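Just below is one structure, and these are the notes that go with it.
The values are calculated or read from the model by the stated rules, or taken from the named source; none is laboratory data. Quick caveat, the model's predicted, so the values are computed rather than measured. With ideal geometry, Cβ positions are generated from the backbone for all residues, glycine too; neighbour counts draw on all protein chains shown.
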Ligand SMILES: Cc1ncc(C[n+]2csc(CCOP(=O)(O)OP(=O)(O)O)c2C)c(N)n1
């Protein structure tokens, strides 16, 4: 089962490395990981998608919590949430009409962000399943190159994960 | 001390150590730390112990930390100095012992350039430290040192490394030591959940076959008194892990001794049959549980630990309590209001004890490690600090030395580091001046850090170094005999072992040797009186003895082997 974990970490030297080292050292999988700034300057948010049963997930969350640089760890797997990923897909259009590709892209609300006489680059945003579906559609055309951002997620509603609240235990 | 006067990084470093009440550091100088050593020359509030190898320094720090109950401190240079500490750091990490390791680093502008004696020690030690730091500016220096000591010694203790670039040590700022420490991502939970504690007390007092399973956490939290109260109030039998030995007196009749792979038959049977298992500061590691599926199959499991990750890691428990073990034990004891009759349970346990007590061959008059340890236990009344190495002798110590005090059994449990005993005993000697300190090694492990005998001699430490020389890497030989077709591949040291008496004497240690049972007492008495410096005794013991009982790796209690199947087997 896929799990989405949101981790607020101190924006310190090596914090990202610690998380990655923990995952590899403990033998946990990482499906995707994304990291970026938050509303607070010295705090970054990592969104990690991993796989495993409840016991493994429990350990992942506890091990993340144990790291000194992590401020807050929340398992979003069972929470109502907004999940997004961005993909840039460079599709070969030599043997197909551009219109055909653009029509298909429209179905996924994809945007054309670059074009030349051989390839067209589409930007597609959405939940990972949607990206998956779009990629499958463009596969027969020949995907020259692709970059995916990894998942980012936020809990729905007004609630937020407080980054300054001292409610974690080690 | 704070004001406007600027101080150098080196001055700040020692000022911070003073604030942390450091009285001893174990170290070795080099280029990257030369400025710190220049400063150290004029420092009078602490003693710097010059080791002979940086691995030695880290083991010394661990020995010191366990005995003293506060972090051991190490100071080494960059590159090879730093990488030499890796084994000792990993060792302290596995056994949750607080040490703070300061490593020199090349100047900030050279980091990443493959500069002379550069090693990314922060990267290297990330998975084996509780936390580590690279100090990136002089302003960060003092607060980082403060955090390092706080993190190492609070919560579940562990090693912390601080990497100190040379230019930062040379630069200046105003010394400012924060009065309060606040790390928002780190708030160890000390108090246990009250309802969980009440529930635990109820389960315990209604149990018919309860068992206390005690780990090193009880010792590290100084919870032995509280444990004693709980055990005495309830009459529940106590079994200890390798790291837990000493938490409860081994001489008391409620003690079943150690459990696990080489634990006593009674302890392992009790684990198997108990109805409520109370794990205190223990971590259900594989040397204890054997096959997880058959481990303590019918028990309701209560697990008290300060580290949430220890809970449900190996064995799923019914009632987890996260908190400082000392506090939680006291609170559980306070909630218990009736004493259950455990006489049936004790009858059963006594039957197991009689069925298969610890025993070894005495009649043939040959010298055996078990005998020597029994004699040491007897002579020191279980009150010495015993520092073992890794192997058969280590297991025999856990079986035959009856520890009566906490912080008295020093061993490399989690990592199983050969070469631990000699330096760790030295660290212990700087933490404890009254009780005797006895280092016990096999002939193999003794050779892994014997350079530190020089340190012991240089500081005239009255340590008794004991070598149980069976001419083999005994524990590996045992596995080869039992499980690897008797292929004694590279475990016979006999022909290549040095003359240990000559080695000892050459390094400044008064040394003796015997292979006779009837000389054991005399030699032990003799070295116990020689307290002007270190002494060494080599006991030439039986070569092919094996440690029993033994639950095979990954096996169940039903697979326990209690004696050699083919007694005539010879090499
Ligand atoms: C540094 C290190 N290398 C290898 C081992 C593997 N090992 C475990 S026990 C053992 C044998 C130890 O022999 P010795 O020191 O003579 O002690 P004995 O078992 O004979 O008491 C070995 C090689 C280890 N634990 N540590």
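On the basis of being within 14 Å of another protein chain (Cβ to nearest Cβ) and either surrounded by 15 or more Cβ atoms within 10 Å (Cβ to Cβ) or at pLDDT 95 or above (or both), does residue A:13 make the cut? The answer is no for residue A:13.
For region B:16-33, the tally of residues that are part of a helix (DSSP H, G or I) and surrounded by 20 or more Cβ atoms within 10 Å (Cβ to Cβ) stands at 4.
Residues that are within 14 Å of chain B (Cβ to nearest Cβ) and more than 30 Å from residue B:133 (Cα to Cα) within region A:41-83 comprise A:52, A:53, A:54, A:55, listed in sequence order.
Residue count for region A:21-35 under the criterion of being under 18 Å from residue B:131 (Cα atoms) and buried (at least 16 other Cβ atoms within 10 Å of the Cβ): the result is 2. Condition check for residue B:250 on (1) farther than 21 Å from residue B:317 by Cβ; (2) within 14 Å of chain A (Cβ to nearest Cβ): one failure, at (2). Scanning region B:445-460 for residues that are within 19 Å of the chain's Cα centre (by Cα) and within 9 Å of the ligand (Cβ to nearest atom) gives B:445, B:446, B:448. Exactly one residue out of B:56, B:79 is under 21 Å from residue B:22 (Cα atoms) and touching a helix residue (DSSP H, G or I) at 6+ places or on another chain (Cβ under 8 Å), and it is B:56. Does residue B:370 satisfy the condition of being surrounded by fewer than 12 Cβ atoms within 10 Å (Cβ to Cβ) and under 32 Å from the mean Cα position of the chain (by Cα)? When the stated conditions are applied, residue B:370 does not pass them. Residues that are in a loop (DSSP other than H, G, I, E, B), in contact with a strand residue (DSSP E or B) (Cβ under 9 Å, 6 or more places away or on another chain) and within 16 Å of the ligand (Cβ to nearest atom) within region B:374-415 comprise B:389, B:390, B:391, B:401, B:411, B:412, listed in sequence order. When the strands (runs of 3 or more DSSP E) confined to region B:82-185 are screened for residues that are more than 24 Å from residue B:306 (Cα to Cα) and away from chain A (no Cβ under 11 Å), those reaching at least 1 such residues are found at B:99-105, B:160-165, B:172-174.
Output yes when any residue across region B:28-39 is under 22 Å from residue B:452 (Cβ atoms) and under 19 Å from the mean Cα position of the chain (by Cα), and no when none is. No, region B:28-39 contains no residue that is under 22 Å from residue B:452 (Cβ atoms) and under 19 Å from the mean Cα position of the chain (by Cα). Total residues in region B:432-444 satisfying the condition of being over 15 Å from residue B:397 (Cα atoms) and either assigned by TED's automatic domain parsing to the domain that holds residue B:66 or away from the ligand (no atom under 15 Å from the Cβ) (or both): the figure is 5. For region B:461-495, which positions are within 11 Å of the ligand (Cβ to nearest atom) and either exposed (fewer than 12 other Cβ atoms within 10 Å of the Cβ) or not assigned by TED's automatic domain parsing to the domain that holds residue B:422 (or both)? Once the filter is applied, which keeps residues that are within 11 Å of the ligand (Cβ to nearest atom) and either exposed (fewer than 12 other Cβ atoms within 10 Å of the Cβ) or not assigned by TED's automatic domain parsing to the domain that holds residue B:422 (or both), region B:461-495 yields only B:490. Taken across region B:321-340, residues that are within 14 Å of chain A (Cβ to nearest Cβ), part of a helix (DSSP H, G or I) and free of Cβ contacts under 8 Å to residues at least 60 places away in the same chain do not occur at all. Restricting B:393, B:327 to residues that are modelled with pLDDT of 95 or more and surrounded by fewer than 21 Cβ atoms within 10 Å (Cβ to Cβ) narrows the list to B:327. Per this entry, residue B:371 is counted among residues that are within 16 Å of the ligand (Cβ to nearest atom), assigned to a helix (DSSP H, G or I), more than 19 Å from residue B:63 (Cβ to Cβ) and more than 14 Å from chain A (Cβ to nearest Cβ).
Residues in region B:419-427 include at least one that is near the ligand (Cβ under 10 Å from one of its atoms) and either under 18 Å from residue B:496 (Cβ atoms) or not assigned by TED's automatic domain parsing to the domain that holds residue B:497 (or both).
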